[in-house]
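The values are calculated or read from the model by the stated rules, or taken from the named source; none is laboratory data. Because the structure is a prediction, the values reported are computed rather than measured. A quick note on method: Cβ atoms are made from the backbone with ideal geometry, for glycine too, and the neighbour counts reach across all protein chains shown. Quick note on the areas: whole protein, heavy atoms, side chains included, nothing else; ligands and nucleic acids left out. Shrake-Rupley method; radii C 1.70, N 1.55, O 1.52, S 1.80 Å.
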Amino acid sequence: MSTLEWVLVIGAILAAITVALSTTAGRLDRLHIRLATAQASLDRQLLDRSTCLRNVATGGVLDPASALAAVDAANAAREAIGKAEQPARETELSEVMRTVFGSAEDVDALWASADETRAGLIADLGDACERVQLAHRFHDDLVARTQRMRRKSVVRWARLAGRAPWPHRIDFDDVPPPHLVARDRPPVGPEVGHAA
């Protein structure tokens, strides 16, 4: 092979390596962007859940002791968003909700005694709980995918992650009261609370 041929071969190999590294870096960058979006979405859903719980607690749906516990847990969760204590506060909020809406009989009694406005508050809380679970799972799935990508030898060797922090799961209890979610909800309408 002539010198020119060797230069062309080496150039082609370097170009292929550059394209491969650039493609991998682009994929990793998109994963980090999606992960940041998923984190923001999860925080928004958690904020919505705590707001819905406060609305239920201050809307006359709960007895005073349960309402006070719910408002305290909701406020603590809201203040912890984005901080180190967020997982613990969100777990406490989930535990308070399962205590307040503990049994099917408790939830059925709330539905039976609720007018249309209060039933809407309860329904909103159930929906918010489901959205938190979905956002949490999506976030953790993206964390796992990003971690797998960053563990690849080529990513580590070429330092393709740059200065992006290592992605971490957010471990907290997101299990809602079992009878509060939509699949167990009675229909909301003018007849709610006025059954004979």
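Per-structure values
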read-out	value
Net lengthening on full extension, residue 144/residue 99 (0.36 nm per residue, minus Cα-Cα)	13.0 nm
Kirkwood hydrodynamic radius over Cα pairs of the stretch 119-179, then Stokes diffusion coefficient at 20 °C and 1.002 mPa s, in µm²/s	153 µm²/s
Accessible surface of the stretch 81-179 [probe 1.4 Å, protein heavy atoms]: carbon and sulfur percent	51 percent
Accessible area (Å², per residue) of the chain, counting only protein heavy atoms and a probe of 1.4 Å	57 Å²
Linear extension gain, residue 27 paired with residue 81, 0.36 nm per residue minus alpha-carbon span	16.6 nm
Residue among 11, 57, 128 farthest towards the positive dipole end of the stretch 1-138, charges placed on Cβ	11
Heavy atoms of residue 1: accessible area, 1.4 Å probe, square angstrom to 10	140 Å²
Label of the coordinate-derived value, P(r) over Cα pairs in 5 Å bins from 0, in percent, listed as (1) 1, 7, 16, 20, 20, 17, 11, 6, 2, 0, 0; (2) 1, 7, 13, 15, 12, 10, 8, 7, 6, 5, 4, 3, 2, 2, 2, 1, 1, 0, 0, 0; (3) 1, 7, 14, 16, 15, 14, 11, 9, 6, 3, 2, 1, 0, 0, 0	(2)
Dipole moment magnitude, nearest 20 debye, the chain about Cα centre, only Lys, Arg, Asp, Glu C-beta charged	1660 debye
Nearest-ten-degree value, helix 104-113 long axis tilted from longest Cα axis of the chain	60 degrees
Listed residues 164, 135, 104, most fluctuating in the chain (Gaussian network, C-alpha, under 10 Å)	164
Ratio of Rg to Rh over the stretch 20-133 (Cα coordinates, Kirkwood Rh, two decimals)	1.15
All-pairs Cα distance distribution in the stretch 14-86, expressed in whole percent, bin size 10 Å	18, 28, 19, 13, 11, 7, 3, 0
Principal axes of the stretch 75-140: Cα extent on each, largest first, Å	39, 22, 20
